[in-house]
Amino acid sequence: MTKKQKKVLRRIIISAVLLVAMAVTFTVLDKTGMVDLENPSVMWRCIEIVAYLIPYLVIGYDILKKAFLGIIHGEVFDENFLMAIATVGAMVLGEYKEASAVMLFYQIGELFQSYAVGKSRKNITALMDIRPDYANIEKDGKLEQVDPDDVQIGTVIVVQPGEKVPIDGKVVEGSSSLNTSALTGESVPREVHVGDEIISGCVNLTGLIKIETSKEFGESTVSKILDLVENSSMKKSRSENFITRFAKYYTPAVCIAALALAVLPPLVNIIMGNPAAWSKWIIRALTTLVISCPCALVISIPLSFFGGIGGASAKGILVKGSNYLEALSYTKYVVCDKTGTLTKGVFQVTEIHPEGEMSEADLLEKAALVESYSNHPISKSLKEAYGKEIDNNRVTDAKEISGHGVSAVVDGHEVAAGNVKLMKQMNIQAAVPTSVGTEIHVVVDGKYAGYILISDVVKPNAKEAISGLKAAGVEKVVMLTGDAKKVADAVGSELGVDEVRSELLPGDKVDEVEKLIAAKGEKEKLAFVGDGINDAPVLSRADIGIAMGALGSDAAIEAADIVLMDDDPAKIATAMKISKKTLRIVHQNIVFALVIKFACLALGAVGFVNMWWAIFADVGVMILAVLNATRALSFKE
């Protein structure tokens, strides 16, 4: 509890004790006949007023001050004004206990609301507790703690077990396990070794590691994520904007209605020859002012979205604003990039088919050696699959045949490796693979030795992600890719996407998204899911841009509206479920608050609801709405 909250709590306790003491004292005096509270003398009336003014001012002086300042600055119609005018009016009419009680319970509700909001912020802060306090730099054999802002690019920093990684970089010494749960929501540690890229915000669990920084602290992943979360409240949802506009017109309308209720019925009665007590109608008008306070809506709706964004953060899903969280609920079209989104984006050897007397190991070895001088991704995949150190002394006369492949002399044998075009050029009859992938055909001493297939491997949970989207209400999933039609169709068929559009350039992807946007309904939303590196134009054009598989990518964090902090496409469906749960809570609070308030307003106008019921309609509804809003913080599949 903050100092301010403790101060308010002390005032509540003092005011409550004084209010109870005054009520008991005057009741005892009335029962014993010492004072006739029905017809008190002027002296006792003054004593009673002063006695009840003490707890009233103790608990309500700040509300009265805010209302006064609001009137001076032209911001009249807010909850402070409503509370001030209602309670001051009640005091003037002799309803001392009721006036003090209204202010007391209003402050109790405000304290509860402040505590709930603070707790929500602490939960989110705990979930995103990734800001490093310092960075270790080794000087003269000793570690020196410096401000991360002072560390330059290329500096070698030391991260000991239990410390946060302060800045993005590459491991240059040591190996360890990293806890990435604050970033990705995953509890399984990530292993890192020399040469691995590492991002800030992770917690080092086991071994000491040294990292060469690749960015300044302000540009590191941790800084960008914190900035994203802190500014998420700036982008309001339609529901929040509606409540803001609603309160703008609702409060003045209620004040005018209360004034009419206080004046018109007595005037009508006087005209009809039936004079009525003005005080009765004024009390009813003041009661409606208390009931009408829009606190429950003004507080609980933003809190619901704040909680939803916090709940998403716990799952490794960063949402840049409540408007994007809300839009997810209306998403009917999801367009996915293939490479790096539905597939791993890393080429691997998936099949080895030797011919004749050649074994799989020999075929892979020949292909890896002949490709050893190339830096092409295909060559790297072959060398990784071979898994042994390449002895360059075994390879001579290496030549690259542009657009076809490579050739070289390996252990005294002429070896060529390449595509079908190379086989045709060499007049070699190549086998036709039954599976889909990049074909590497190998020829040894003029004879066909077999082929190797290299594929971009589909992510293990990609198929589950597509089915999860359908279950979440998505009507159509489209995959866009620059790959050949044969490869793209095979991946699309395996995953169960509705439509595949292949052989596209980056500019073509924007055109395809434009066509899909033009074809969808006005209220339907289209989300594009990409890796955030080369898909920035499409991420920006879609209704919702979701960057995934791009942990630490500047392009992802800047271009996308939602960032998935791990490589899991199934998180898209999770984000949609969180969005729908948050909206359900928002709609529940709106309906609940308005129904109770309008019902009590109607009953208050005809005299069936007194000031105590008015307190429930205001404070009670607000507390229940805030409690409901805090449910958005937690989400379980």
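From ALA605, ALA614, ALA575, grab the single residue that is closer than 30 Å to GLY468 by Cβ and surrounded by 18 or more Cβ atoms within 10 Å (Cβ to Cβ).
After applying the criteria, what remains is ALA575.
Tell me which of these THR339 doesn't satisfy, since it passes every other one: (1) out of contact with any helix residue (DSSP H, G or I) (no Cβ under 6 Å at 6 or more places or on another chain); (2) modelled with pLDDT of 80 or more.
Looking at each condition in turn, THR339 falls short on (2).
Of all residues in the stretch 499-542, which are free of Cβ contacts under 8 Å to residues at least 24 places away in the same chain and among the polar types (S, T, N, Q)?
Those that are free of Cβ contacts under 8 Å to residues at least 24 places away in the same chain and among the polar types (S, T, N, Q): SER502, SER540.
Can you say whether LYS509 is basic (Lys, Arg), more than 28 Å from LEU325 (Cβ to Cβ) and out of contact with any Gly (no Cβ under 7 Å at 6 or more places or on another chain), as far as the supplied structure shows?
Considered against the rule, which asks whether it is basic (Lys, Arg), more than 28 Å from LEU325 (Cβ to Cβ) and out of contact with any Gly (no Cβ under 7 Å at 6 or more places or on another chain), LYS509 comes out as no.
Please go through the stretch 254-270 and pick out each residue that is among the β-branched types (Val, Ile, Thr) and buried (at least 17 other Cβ atoms within 10 Å of the Cβ).
Residue satisfying the conditions is VAL254 alone.
Testing TYR56 on (1) out of contact with any Ser or Thr (no Cβ under 7 Å at 6 or more places or on another chain); (2) under 30 Å from ASN80 (Cα atoms), one condition comes back false. Which one is that?
(1)
Can you pull out every residue in the stretch 547-572 that is at pLDDT below 75, buried (at least 24 other Cβ atoms within 10 Å of the Cβ) and in contact with a helix residue (DSSP H, G or I) (Cβ under 7 Å, 6 or more places away or on another chain)?
Matches in the stretch 547-572: ALA550 only.
So the check is Cβ under 7 Å with 6+ separation or different chains; which pairs have a first residue in the stretch 615-635 that's farther than 20 Å from ARG584 by Cα and assigned to a helix (DSSP H, G or I) and a second one that's modelled with pLDDT of 80 or more and among the aliphatic types (A, V, I, L, M)?
Going by the 7 Å Cβ cut-off, the qualifying pairs are ILE615/ALA101; ILE615/VAL102; ALA617/ILE596; VAL619/ILE108.
The rows are residues; the columns are (1) part of a helix (DSSP H, G or I); (2) at positive phi; (3) in the same structural domain as ILE291 (by TED's automatic domain parsing).
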residue: VAL76; (1), (2), (3): no, no, yes
residue: VAL88; (1), (2), (3): yes, no, yes
residue: GLY94; (1), (2), (3): no, yes, yes
residue: GLU98; (1), (2), (3): yes, no, yes
residue: ALA101; (1), (2), (3): yes, no, yes
residue: LEU104; (1), (2), (3): yes, no, yes
residue: GLU110; (1), (2), (3): yes, no, yes
residue: GLN113; (1), (2), (3): yes, no, yes
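Across the stretch 370-410, what is the total count of residues that are part of a loop (DSSP other than H, G, I, E, B) and without any contact (Cβ under 8 Å) to a residue 24 or more places away in the chain?
Matching residues across the stretch 370-410 total 10.
Looking at the stretch 457-469, is at least one residue in contact (Cβ under 8 Å) with a residue 60 or more places away in the chain, farther than 24 Å from VAL563 by Cβ and of a type outside the set (Gly, Ala, Ser)?
Scanning the stretch 457-469, I find no residue that is in contact (Cβ under 8 Å) with a residue 60 or more places away in the chain, farther than 24 Å from VAL563 by Cβ and of a type outside the set (Gly, Ala, Ser), so the answer is no.
Yes or no, residue by residue, for (1) surrounded by fewer than 17 Cβ atoms within 10 Å (Cβ to Cβ); (2) under 30 Å from VAL409 (Cβ atoms); (3) in the same structural domain as GLY405 (by TED's automatic domain parsing):
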site: HIS441; (1), (2), (3): no, yes, yes
site: ASP445; (1), (2), (3): yes, yes, yes
site: GLY450; (1), (2), (3): no, yes, yes
site: LYS463; (1), (2), (3): no, no, no
site: ILE466; (1), (2), (3): no, no, no
site: VAL474; (1), (2), (3): no, no, no
site: ALA490; (1), (2), (3): no, no, no
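The values are calculated or read from the model by the stated rules, or taken from the named source; none is laboratory data. These numbers come from a predicted model, not from an experiment. Don't worry about glycine lacking a Cβ; one is built from the backbone with ideal geometry, like all the others, and counts go over all protein chains shown.
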